[in-house]
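Worksheet for the structure shown next.
The values are calculated or read from the model by the stated rules, or taken from the named source; none is laboratory data. Being a predicted model, the structure only gives us computed values, none of them experimental. Heads up, the Cβs are rebuilt from the backbone with ideal geometry, glycines too, and the neighbour counts pull from every protein chain shown.
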Amino acid sequence: MNQSTKWIVGVIVVVAVVVVGYFVPKGPSGPVLTEPIKIGFIGPLTGDAANIGQNVRTAVEISVKEVNETGGIDGRPLEVIYEDGQCTGNVASNAANKLISINKVPLILGGACSGETSSFMGAAEQSKTVVLSYCSSAPAISQAGDYIFRNYPSDLYQGSFVAEYIYNKLGKKKVAVLYAKSDWGNGIKDVFSKKFKELGGTIVIEEGYEQTSRDLRTQLTKIKAVNPELIYFLGYTEASIPGIKQAKELGLTIPLFGGDAWDDSKIWTEVSSAGEGAMYSVMYAPLNNDFKAKMRAKVGNDEITICTPQAYDAVKLVAKVIEKVGTNAEAIKNELYKTSYTGGVSASEIRFDSNGDLVGANYIVKVVRSGKAVEAK
Amino acid sequence: MDIIPQLILNSIIAGAIYTLVALGFNLIYGATKFFNLAHGVMAAVGGYVFFYLAKTLGLNIFIAVIIGVGLAGLVGYGLDKLIYLPLRKRKASNMVLLVASLGAFTAPQAVIAILFTSQFKTLSQHVGTQKLFEVFGGFITQTQLIILTSVVLITAGLVLLLHKTQFGKAVRAISDDEEVAKIIGINTNKIIGYVFFIGSAIAGLAGILVGFDTGIEPTMGLSLLLKGVIASIVGGVGNIYGGVLGAFLLGFVENFGIWKISGEWKDAIAFALLIVFLIFRPRGIMNK
């Protein structure tokens, strides 16, 4: 074989592989109409933010059960394949690859942590798989592509809301930022710092830490040395518990202000008196008593973490959309841009803008009093 | 405010915790000459046994500490008898033992996660109301003082054990040359079993103390192990004194390293230290 024959054979092989690869996974063309409709789920079922992931999973299970009890989707039951993303990019990416190429789901609910979603949104966009995240808030996700949606607001809103709240309402002008090096932490930090400086405040120090780090003493020591009036502490549960304790142990008495990840009762029971007076921002959710009762029946206590209402609504929304347009991912995508979902427990209306981002977001501030977070007046 | 005293205290606390991990690791490495990765999970075993006994069952703290430490030791002993000893008898290479220890690391960690969930838990009963001591303008908590005291006592105890007892002599003989030790009549497998018990028990104590200071989670073993291993290599792997020296050096370099640059570089600095030593002094500070 001379060089050009080799080339021709090579090209033919490649074309053959591509063509076969294109047709084979499509499988049988007419699916049996009683088989379940499968969608994927990715969230931190273990690892950082596992408390949130488990709570969210419970809500998804309740929601799926309700959809199926009321006849499913056109008579077909909805089934969710749960995958653990561990709040970590590469783990979530593996989980998404499995859901996309092995389970061939048209839609993935998740991920929760922004780092999870960011890790697989490229692959999902390429393979035309719809992603609906119930929890990821990093601003960068807006630009991810047509197939990526979220019914959780972008941190653009949260960062500037908090900047205004701290500057105007609390009257603090010198702030230190302590943040987890993650898409979420970096995202809020950037928006917050920019807005806070625009308002006329000073960021006296910005200290990052590895998300898995549990020893923040030296970061806090440096913060203490520059005498800020408040610390904006963007951390997930696992680092926040030791972080809040260590702040106290280093003799820091200035107020702590956290991000929406602090809406996890576990933090406040674990740090007990060290958390007294801590504040955080969280998206306002019109939870109704019916939803609270259902969660209590399954979880055993009153815990409803951040993103749990969003996940519950996301399932309902997806079921509604699939009922209308079927399981084709492109049709689901097109329909999602047109849909408006009302009557949910996470927001009065769920509607997406042209980036697939949730339109409008209301935040409230909660403050910790004797181990419980209550709405700040 | 002058932050140097606090930085020094932070470094000492970190160094003390790394010491506890490095001590047991070096002890076991000295006797067996393989990287026992499962050493990390012993910290989680100790921490969780203590958590179960003291917080769930409400047992007296001191009894719970003793049982936690003892059980961690027993798990280490059991791993040696069940996995490493049969492999050693088959003359398995250190590579095989390393891979086996990776399995022995992962399995107990998964079991702990199943039994106790993977959520982060603190062991301390009075968070936030802990006594603080001021040292030259820096702060140190009661728990951290207990950690420091334990480290001093355990290091001293280990040194005495190795140099003043028959058992210690046997351990040192095995470290020098296992074959020769066997020839002169030392029951090496029995001694190595005890070494695993002691090393793992110290790691178990480390887990409990870390739990009091920050908290426990099933995956806590890996980060502790990584830092412990860096400390061992920097100090001189297999060398008890080297481990202590390496641990404190690591603590200081890590915490002073992020004095002028942002905190997220901490782990990068720790590994940079490791790489510098691997290139310029691969046998560590103490080993010739």
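Data for the structure
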read-out	value
Test: residue in the stretch A:198-213 that is surrounded by fewer than 24 Cβ atoms within 10 Å (Cβ to Cβ) and at positive phi	yes
In the stretch A:8-59, the residues that are at pLDDT below 80, part of a helix (DSSP H, G or I) and of a type outside the set (A, V, I, L, M, F, W, C)	A:10, A:21, A:22, A:25, A:26
Looking only at the stretch A:246-272, and only at residues there that are among the small types (Gly, Ala, Ser) and touching a residue at least 60 places away in the same chain (Cβ under 8 Å), the one that is farthest from the other protein chains (Cβ to nearest Cβ)	A:259
Among the candidates A:205, A:223, A:188, residue that is without any contact (Cβ under 8 Å) to a residue 40 or more places away in the chain and not assigned by TED's automatic domain parsing to the domain that holds residue A:138	A:205
1 or more residues of a type outside the set (Val, Ile, Thr), within 19 Å of residue B:194 (Cα to Cα) and under 16 Å from the mean Cα position of the chain (by Cα): qualifying helices (runs of 4 or more DSSP H) within the stretch B:32-114	B:39-50, B:61-79
The listed residue being part of a loop (DSSP other than H, G, I, E, B) and of a type in the set (S, T, N, Q), out of A:212, A:221	A:212
Candidates A:176, A:239, filtered to the one that is within 14 Å of another protein chain (Cβ to nearest Cβ), more than 30 Å from residue B:226 (Cα to Cα) and within 27 Å of the chain's Cα centre (by Cα)	A:176
Considering residues of the stretch B:118-134 that are at pLDDT 75 or above and under 19 Å from residue B:64 (Cβ atoms) only, the residue farthest from the other protein chains (Cβ to nearest Cβ)	B:123
Per-region count, the stretch B:250-288, residues in contact (Cβ under 8 Å) with a residue 40 or more places away in the chain and of a type in the set (A, V, I, L, M)	7
Filter pass, residue A:340 being touching a residue at least 60 places away in the same chain (Cβ under 8 Å) and among the hydroxyl-bearing types (Ser, Thr, Tyr)	no
Failed item, numbered, when residue B:237 is tested on (1) buried (at least 20 other Cβ atoms within 10 Å of the Cβ); (2) within 11 Å of another protein chain (Cβ to nearest Cβ); (3) out of contact with any Ser or Thr (no Cβ under 8 Å at 6 or more places or on another chain); (4) assigned to a loop (DSSP other than H, G, I, E, B)	(2)
Test: residue in the stretch B:44-60 that is more than 14 Å from every other protein chain (Cβ to nearest Cβ), small (Gly, Ala, Ser) and surrounded by fewer than 17 Cβ atoms within 10 Å (Cβ to Cβ)	yes
Residue in the stretch A:143-150 that is hydroxyl-bearing (Ser, Thr, Tyr) and within 25 Å of residue A:364 (Cβ to Cβ) present	no
Positions within the stretch A:356-373 being within 30 Å of residue A:277 (Cβ to Cβ) and in a strand (DSSP E or B), in sequence order	A:363, A:364, A:365, A:366, A:367, A:368, A:369, A:372, A:373
Count of residues meeting criterion [buried (at least 17 other Cβ atoms within 10 Å of the Cβ) and at pLDDT 90 or above] in the stretch B:88-117	9
Residue list for the stretch B:142-158, filter: more than 16 Å from residue B:201 (Cα to Cα), touching a helix residue (DSSP H, G or I) at 6+ places or on another chain (Cβ under 8 Å) and among the aliphatic types (A, V, I, L, M)	B:146, B:148
Matching entry among B:211, B:207 (being out of contact with any Cys (no Cβ under 7 Å at 6 or more places or on another chain), in a helix (DSSP H, G or I), touching a residue at least 40 places away in the same chain (Cβ under 8 Å) and more than 13 Å from residue B:20 (Cα to Cα))	B:211
Selection status of residue A:277, surrounded by fewer than 23 Cβ atoms within 10 Å (Cβ to Cβ) and at pLDDT 90 or above	yes
Subset of the stretch B:135-173 (residues that are at the interface with chain A (Cβ under 9 Å from one of its Cβ atoms) and in contact with a Gly (Cβ under 8 Å, 6 or more places away or on another chain))	B:139
Any hit, the stretch A:297-318, residues being farther than 26 Å from residue A:373 by Cβ, in contact with a Gly (Cβ under 8 Å, 6 or more places away or on another chain) and not acidic (Asp, Glu)	yes
Out of B:29, B:77, sole residue that is at pLDDT 95 or above, hydroxyl-bearing (Ser, Thr, Tyr) and buried (at least 18 other Cβ atoms within 10 Å of the Cβ)	B:77
Which listed residue, of A:222, A:333, is among the basic types (Lys, Arg), within 14 Å of chain B (Cβ to nearest Cβ) and either over 18 Å from the mean Cα position of the chain (by Cα) or surrounded by fewer than 23 Cβ atoms within 10 Å (Cβ to Cβ) (or both)	A:222
The stretch B:3-30 residues that are away from every other protein chain (no Cβ under 14 Å), paired with ones that are surrounded by fewer than 24 Cβ atoms within 10 Å (Cβ to Cβ) and among the aromatic types (Phe, Trp, Tyr) (beta carbon under 8 Å, 6 or more apart)	B:19/B:248; B:29/B:35
Checklist (1) over 29 Å from residue B:120 (Cα atoms); (2) in contact with an Asp or Glu (Cβ under 6 Å, 6 or more places away or on another chain); (3) β-branched (Val, Ile, Thr) applied to residue A:39, failing item	(2)
Answer from A:127, A:136 - the residue that is under 17 Å from the mean Cα position of the chain (by Cα) and either crowded, with 21+ Cβ neighbours inside 10 Å or not assigned by TED's automatic domain parsing to the domain that holds residue A:227 (or both)	A:136
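Residues are listed down the side, and each one gets a yes or a no for (1) surrounded by fewer than 16 Cβ atoms within 10 Å (Cβ to Cβ); (2) part of a helix (DSSP H, G or I); (3) of a type outside the set (Phe, Trp, Tyr):
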| site | (1), (2), (3) |
| --- | --- |
| B:133 | yes, no, no |
| B:145 | yes, yes, yes |
| B:155 | no, yes, yes |
| B:159 | yes, yes, yes |
| B:179 | yes, yes, yes |
| B:185 | yes, no, yes |
| B:201 | no, yes, yes |
